[in-house]
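Student: After the structure tokens below, expect a handful of questions from me.
What follows draws every value from the coordinates through simple rules; no lab data is involved. What you see is a predicted model; the values in this text were computed from it and never measured. Here the Cβ is made from the backbone with ideal geometry for all residues, glycine too, and neighbour counts use every protein chain on show.
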Amino acid sequence: MSTLIKQDILVELLGNAGNGFEQVRTAGKEAFQTQGFPTNKSEEYKFTAITKKLEQNIQNFAQAGDFEVTAEQVKANVFEGYLGDVLVFANGHFHPALSSTIEGVEVALLSEKADTALGSIAKPEKDPFCALNQSAFEGGVYISVPKKAQLQKPILLLNFFKANAGQVIQPRVWIQTGDFAEVTFINHSINLSEAPYFVNKVVEIKGGLNTQIRYYKLQDEGKNAIEVSTVETDIQQDGRFSSVTVSLSGELVRNNLNLSILGSNSEGNMYGLYLLNGKSHVDNHTNVDHTVPHAESNELYKGILADSSRGVFNGKIFVRQDAQKTNAFQQNNNILLSDDAVVNTKPQLEIWADDVKCSHGCTTGQLDEEALFYLQARGIAKDQAKGLLLYAFAGEVLEHITDESFREYCTELVQKRLGSKF
Amino acid sequence: MSKDNQILEELTSKEYEHGWSVNYEADEAPVGLTEDTIRWISTKKEEPQWLLDWRLKAFKTWEAMYEPKWANVHYPKIDLQSLKYYSAPKQASKPKNLDEVDPELLDIYKRLGINLNEQKRLQGIAVDAVLDSVSVATTFKGTLSKLGIVFCSFSEAVKEHPELVKKYLGSVVPMTDNYYAALNSAVFSDGSFCYIPKGVRCPMELSTYFRINAANTGQFERTLIVAEDESYVSYLEGCTAPQRDENQLHAAVVEIYAGAHAEVKYSTVQNWFPGDKEGKGGIYNFVTKRGICAGDFSKISWTQVETGSAVTWKYPSCILKGDNSIGEFYSVAVTNNYQQADTGTKMIHIGKNTKSRIVSKGISAGKSQNSYRGQVQVMKRATNARNFSQCDSLLMGDRCGAHTFPYIDINNPTAKVEHEATTSKIGEDQLFYCNQRGIATEDAVALIVNGYAKEVLNQLPMEFAVEAQKLLALTLEGSVG
């Protein structure tokens, strides 16, 4: 059983957590106390022994707190050719002075928006880490995109993390969009310290009627990062939500992506790429909850695993009884490059309605020998040929990123990793 | 819509045709489960001391275990202390051949459509008929024994071939495996034993027919099939039970051992009483089935047609230990009314170049829940393992559910694993196409369902395929989603 005593941690965390949201925090605390840290027996964390990892690395469990970020640091970490707006965060604390003012969009500290319905979308009782964040999140930001706002430029959420060994960072983001709004978010995190720390982030996105929301995430915080990242959104009538998650490193990374489809004629798309080496462990859990008829969801997650890395994928499509005429599609493909790499995948369908079309596919294998031979026969060196094929495999996910500079940036990172840049 | 309703009504009101029971004089164990019950069973069956010790050890293990809760099925708690663990028809002495078997018992099987006498002469299938806790009759023993094949009831095997039983019992499904396997190990009453010696190809299908007759009895049979190197056997299993208001428990264990180059084909048509249309009664079917491809180039193939039981909890599995061994799993699971099925398979790839194939077809109607739960595990040294899984679900009616829980765990980069699953209902365009060509909706559904399940039904031996097709038609004829 866990040596982490949940009560103690919470008291400590709550001791220096921000002000406000007493009720919300209490609800989070209660939800966490009921669930506790997941054990290896809990189905949702079966292949990701996060509690053990925390026990080994996170001893004092104190909040890392705010710190100073310079304009140079910000400039250095924005992608080349990026034209959109930037919001800067240090350990989850919003820094308005370094951030752009976005025309027509309200951006505020969470503490100034005490009536925000935190926890109404990312429900604390569903996941212990979500509850833990809710009980003791630090700082936080409130972003409201008004009705009919069509933002052509993306918004970059630039997160700087700096912590001592064993500290905890719990950022919280609340995004709400008015009807007919269109917005793109890019979440990028930069790690400024080498020490192992724990990031437990929750992003809640409240959709409106006929909104179009895109959420892209790049994870490359280095080999020491222990991270649980939860993104939850609801999709209303005629709404579109599309996400791309690119994971490149991490001691242990767990991504929870949950979509609730609450309005018909809507669509949810989820794409993911995990490209791992060393001892990285990335776990992608997605959950699409179809509650109404006539909606669609698509999912494509791809993984390339080298060295002794481990990829976990658990995709769940849940179709409720009323959600007739649902079309749901899910696919997970993996390529293993070494003897010690491991893949655990569980594409799961739970269907309670009859007039639906749901399917999932899942493959695990190696590179196609024949394709490799074909390229070699045309004078391309084996390593290059390999890189080329792997890049083609990964490209299918990256092409869903609409912002050009971000796509280029990701592509470059991926190509560098795969050795397919020449 | 009214036609649909009418057809659905017809379908749901379809009575279970094997729902009768016969009053015969039975020899029963006292109600409840203690060490004494186990001693009672063991004494009754005149078992050797080692088997009693084995049972008691299993009982100790079981006492420390908890009922599994992970399956996607819901049922009230089973009071294992209110069950009877042994029930046997009273017979003066053990019959030597079919002519000496109590005609009343033979009549039971005749009513089930299995005429032991007739089969003896005509069909060329050797049958071991198990009624409640004991084996009633085994046909074709003589012919088989000439080839060195042992096919008899489990208790007979314990007496006549103790060395074989001792060697293989619990070798594939250890008593510690799970709650119900441990329970079965402690209280199993009878079952079938089959041994195919090296290099022998069994000339006929071997078959066991299980029937629960007595009320408040659990049936715990144990089947052990041993196929030595280079042998072949095809094995069939069928089951029915009377219609009763209370739920009955069936917790069987099937173990298969396949030596090098051996092939075992195991087919089941499971038609336990599924409960009435209000969901009352029915069999709880909690079965552990596992085969081990111990030798190189061996093959185990499971085929199952699941139409019965109120709750099914069953995962016929293959451990592919030998290099180049093959495991197959073909399943059609039909649930209707309030039935719940959580079934699937496990393919554990240990040897090199091992292959497995999973084809699972689920059909849910009424208010039933049908889940596929499977695992494909490729171990580290299993180079060039190959798996293909396909699990499709067909939904009929808007109150039923179909669920898929596949676990795929790969530890070797040379593995090639594919999994695909679809869920849909019978297309209106398909029905329309048939209608247009003069095929009534009812027939069209039967046609489509049969076509849907064909890939699995094709794997069944001839004699079973007919029965299975009839069963499918009976359960699903005319149900339009």
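Student: Nearest 0.05, what FRET efficiency do residue B:69 and residue A:126 give at R0 = 25 Å with Cβ-Cβ as r? It would help to have the intermediate numbers written out before the result.
Tutor: Values: r = 19 Å, r/R0 = 0.77.
Once rounded, the FRET efficiency stands at 0.80.
Student: Between residue A:112 and residue A:22, what is 0.36 nm times their sequence separation minus the Cα-Cα distance? Round to one decimal in nm.
Tutor: Details: separation 90, 0.36 × 90 = 32.40 nm, distance 1.37 nm.
That pair, residue A:112 and residue A:22, stretches by 31.0 nm at full extension.
Student: Moving to a separate point now. Express as a percent, rounded to the nearest 5, the fraction of DSSP beta bridges in the protein assembly as shown (both residues included) that run antiparallel. Kindly include the intermediate steps, with their values, before the conclusion.
Tutor: On the way: 31 of 283 bridges.
Roughly 10 percent of the beta bridges in the protein assembly as shown run antiparallel, per DSSP.
Student: Please give the average number of partner chain Cβ atoms lying within 10 Å of the Cβ of each residue in B:363-370, rounded to a whole number. List each step's numbers first, then the result.
Tutor: Values: counts 0, 2, 1, 0, 0, 0, 2, 1.
Mean shielding count: 1.
Student: Hey, fewest Cβ within 10 Å first, where do B:462, B:65, B:396 land in order? Before the final figure, lay out the partial values.
Tutor: Numbers: B:462 8, B:65 15, B:396 25.
Least to most surrounded, the residues fall as B:462, B:65, B:396.
Student: Taking only DSSP H segments of four or more residues, each worth -39500 (n - 2.57), what value at 222 nm results for chain A once the sum is divided by all its residues, to the nearest 500 deg cm²/dmol?
Tutor: Working: 8 runs with 89 residues, N = 422.
It comes out at -6500 deg cm²/dmol, rounded to the nearest 500.
Student: Let me ask another. Averaged over its residues, how many other protein chain Cβ atoms are within 10 Å of peptide B:420-429's Cβ atoms? Don't skip to the answer; put the middle values down first.
Tutor: Working: counts 7, 9, 7, 14, 7, 6, 1, 1, 1, 0.
Other-chain Cβ atoms within 10 Å of each residue's Cβ, averaged: 5.
Student: Can you list the lysines whose alpha carbon sits under 24 Å from that of residue A:123, skipping same-chain ones fewer than 8 residues off?
Tutor: A:6, A:29, A:41, A:46, A:113, A:201, A:206, A:217, A:316, A:346
Student: If the viscosity is 0.692 mPa s and the temperature 37 °C, what translational diffusion coefficient in µm²/s does Stokes-Einstein give for the protein assembly as shown when Rh comes from Kirkwood over Cα pairs? Could the numbers behind the result be given before it?
Tutor: Numbers: Rh = 29.9 Å.
The calculation lands on 110 µm²/s.
Student: Next question. Quick one: A:174, A:352, fewest Cβ neighbours within 10 Å first, how do they rank? If you can, show how the numbers build up before the last one.
Tutor: On the way: A:174 23, A:352 20.
The most exposed by this proxy come first: A:352, A:174.
Student: Ok, one more. What shape does chain A have by the C-alpha gyration tensor, where a ≥ b ≥ c are the square roots of the eigenvalues, rounded means a/c under 1.5, and otherwise prolate means a/b greater than b/c and oblate the rest? Intermediate values should be presented prior to the final figure.
Tutor: Numbers: a/c = 1.31, a/b = 1.21, b/c = 1.09.
Since a/c stays below 1.5, the shape of chain A is classed as rounded.
Student: Still on this structure, please answer the following. Taking every residue in B:396-406, how many Cβ atoms of other protein chains lie within 10 Å of its Cβ, on average? Can you show the working numbers first?
Tutor: On the way: counts 1, 1, 7, 4, 5, 8, 9, 6, 10, 7, 7.
Mean shielding count: 6.
Student: Also, I was wondering about something else. Take the alpha carbon gyration tensor of segment A:342-384, find the square roots of its eigenvalues, order them as a ≥ b ≥ c, and report rounded if a/c is under 1.5; if not, report prolate when a/b exceeds b/c, else oblate. Walk me through the numbers on the way to the answer.
Tutor: Values: a/c = 6.81, a/b = 2.93, b/c = 2.32.
Note, shape of segment A:342-384 comes out prolate.
Student: While we're on this one: Just flag the GluC sites (Glu not before Pro) in segment A:79-186 sitting in loop per DSSP whose Cβ has no more than 16 other Cβ atoms within 10 Å.
Tutor: Details: sites: A:80, A:103, A:106, A:112, A:125, A:138, A:182; in loops: A:80, A:103, A:138.
In loop regions of segment A:79-186 (DSSP not H, G, I, E or B), the sparsely surrounded GluC sites (Glu not before Pro) are A:80, A:103.
Student: What length, rounded to one decimal in nm, is gained on full extension from residue A:39 through to residue A:97, with 0.36 nm per residue of separation minus their alpha-carbon distance? Walk me through the intermediate numbers first.
Tutor: Values: separation 58, 0.36 × 58 = 20.88 nm, distance 4.22 nm.
Fully extending the segment from residue A:39 to residue A:97 adds 16.7 nm.
Student: When Rg is the radius of gyration of the Cα atoms in segment A:367-422 and Rh is its Kirkwood radius, what does Rg/Rh come to?
Tutor: Working: Rg = 12.3 Å, Rh = 11.8 Å.
Using only Cα positions, Rg/Rh for segment A:367-422 is 1.04.
Student: Can you sort B:146, A:279 from fewest to most other Cβ atoms within 10 Å of each residue's own Cβ?
Tutor: On the way: B:146 9, A:279 14.
So the residues, fewest neighbours to most, are B:146, A:279.
Student: Another question, then. Output the pairs from A:325/B:361; B:45/B:69; B:141/B:454 with a Cα-Cα distance over 28 Å in this structure; if there are none, say none. Each step should come with its number before you reach the end.
Tutor: On the way: A:325/B:361 21 Å; B:45/B:69 33 Å; B:141/B:454 33 Å.
From the list (A:325/B:361; B:45/B:69; B:141/B:454), the Cα-Cα distance tops 28 Å for B:45/B:69; B:141/B:454.
Student: Moving on. For labels at residue A:49 and residue A:381 in the simple 7 Å Cα→Cβ model, what's the distance in nm?
Tutor: Going by the 7 Å Cα→Cβ label model, 4.0 nm.
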